[in-house]
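Notes follow once the structure below has been shown.
The values are calculated or read from the model by the stated rules, or taken from the named source; none is laboratory data. On a predicted model such as this, the values are computed, not experimentally measured, just so you know. Because the Cβ atoms are built from the backbone with ideal geometry, glycine has one as well, and the counts that use them run over all protein chains shown.
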Amino acid sequence: MTDNVVIFSRSLPMHGLGGMEVAAWDLAVGLTRLGYRVVILTTSIPGEPELIEREGVVIEALPVASGRYSREWWKSSRSRFKDRYMTSASCVVSVSSAALGVLSLRSCIPEVPFLFQAHGTSWGEIVSKWRSLKPKSMATSMKNFFWLPKDILAYRQFDYIVAVGANVQKDLQKLCSYKLLDSEKVRLISNGIDTELFSPSSESRRYVRQALGVDDESLIMFSANRLHAQKGTHHGLEVFCRVKKRRPNSLYIIAGDGVEAENLKKQVLKLGLEKSVIFLGRIERKELSRYLSAADQFLFLTERTEGLPLNILESLACGVPVFISSHVTLFDSPFIKFVDFKDYEEVSNLLLHEAEKRRLAVLPEEYSLGNSVRAYESLIRERVAGQI
């Protein structure tokens, strides 16, 4: 069908379980299932060799700083692509800005589609940081102002800019409205979930709850995200503290790691919740699916302008209703409740009220991984057909 679809991503789930990393990996696996040969160029992965093959995907982990953009990354990724894949590549996918180093080679391979997978924008980062009202975050937004014109210049060199969610699409359309970007380049392909991996499991629910020593009537709240201040896990702890007072047989499980881990654990001690809050740290996705099946409610009180959070889709796919900050743009669903992340009393009241209903959530079919991957394939074919 093709030679190599080459994906550039500075990090993957092997580096850390973030939304961007998961989306990049799922796209690679999905394209492989359709018969494509997929190669991912990424940064070094601690404890792993430079060349790995998993689920049919070839991973080349270059010997540069793990999970970060750097001068070495731009230089090494360009060199590796030029030496091994430039003559056989049928498509290049840049996860965020990871492939900017090879844009200078485009003129040598004009027939190869270049896709930019946008998980956010510099403007979205600026809005998120100012929404937090934290002086340090607001100060660092200056860097995002600096990157904004660079982003626009980069976007113009790609055939398509793929927004992974409605919020990202909206930010990109603002650039189009100011004639800074061709609107024909901006396409929405929502993140998709592997519903073979993420689905409701009564067996997992029983197993996890038995392991935790709680019965089926105990309320389990769950969060899975990077432990960063803007992700709002500290808001979740404040809400859970209020829930716990009114429903003592409640448990709050938090998956993920990050720079705020120690501060969050101190907050747990301060609130007197050490016997009711469990930090799982970084876990594999299969394990995440099992914990989601055991949960009753998913809480994501993010301060950020999110694209289409994969944790939300994963929760719905496992049958878990979601409570998320109201500024995040999502699709309509009776299983998604939008809340003010700063109003702890109102959020806790809603959680307790909804807990009495205990309904099994449903993920709309359009957000399945199969749909998402087929949309990428159609975009690749559209670019090739346009050239013909």
What is the number of the single condition among (1) under 23 Å from the mean Cα position of the chain (by Cα); (2) part of a helix (DSSP H, G or I); (3) among the small types (Gly, Ala, Ser) that Ser348 does not meet?
-> (1)
Tell me, which strands (runs of 3 or more DSSP E) wholly within the stretch 10-62 include 2 or more residues that are of a type in the set (A, V, I, L, M, F, W, C) and over 26 Å from Gly120 (Cβ atoms)?
-> 51-54
Among helices (runs of 4 or more DSSP H) completely within the stretch 188-299, the ones holding 3 or more residues that are in contact (Cβ under 8 Å) with a residue 40 or more places away in the chain are 202-212, 233-246, 285-294
Only one of these is among the small types (Gly, Ala, Ser) and either exposed (fewer than 15 other Cβ atoms within 10 Å of the Cβ) or modelled with pLDDT of 95 or more (or both): Ala385, Ala355, Ala361. Name it.
-> Ala385
Flag for Gly232 being crowded, with 17+ Cβ neighbours inside 10 Å, under 23 Å from His327 (Cα atoms), modelled with pLDDT under 95 and touching a Leu at 6+ places or on another chain (Cβ under 8 Å) | no
Flagged in the stretch 94-125 as of a type in the set (Gly, Ala, Ser) and assigned to a strand (DSSP E or B), in numbering order, are Ser94, Ala118
Does Phe338 count as in contact with a Lys or Arg (Cβ under 8 Å, 6 or more places away or on another chain), outside any loop (DSSP other than H, G, I, E, B) and either without any contact (Cβ under 8 Å) to a residue 24 or more places away in the chain or of a type in the set (Phe, Trp, Tyr) (or both)?
-> no
Selection from the stretch 152-181 of residues that are out of contact with any strand residue (DSSP E or B) (no Cβ under 9 Å at 6 or more places or on another chain), of a type outside the set (Gly, Ala, Ser) and in a helix (DSSP H, G or I) = Ile152, Leu153, Asn167, Lys174
Among the residues of the stretch 63-93 satisfying the criterion of being part of a loop (DSSP other than H, G, I, E, B) and of a type in the set (S, T, N, Q), which is farthest from the chain's Cα centre (by Cα)?
-> Thr87
Among the residues of the stretch 184-217, write down those that are over 24 Å from the mean Cα position of the chain (by Cα) and within 30 Å of Ile152 (Cβ to Cβ).
-> Glu184
Can you name the residue in the stretch 86-127 that is among the aromatic types (Phe, Trp, Tyr) and either modelled with pLDDT of 95 or more or not assigned by TED's automatic domain parsing to the domain that holds Phe8 (or both) and, of all such residues, is surrounded by the fewest Cβ atoms within 10 Å (Cβ to Cβ)?
-> Phe114
Answer yes or no: is there a residue in the stretch 312-321 that is in a loop (DSSP other than H, G, I, E, B) and among the acidic types (Asp, Glu).
-> no
Test result for Ser325, buried (at least 21 other Cβ atoms within 10 Å of the Cβ) and of a type in the set (S, T, N, Q) | yes
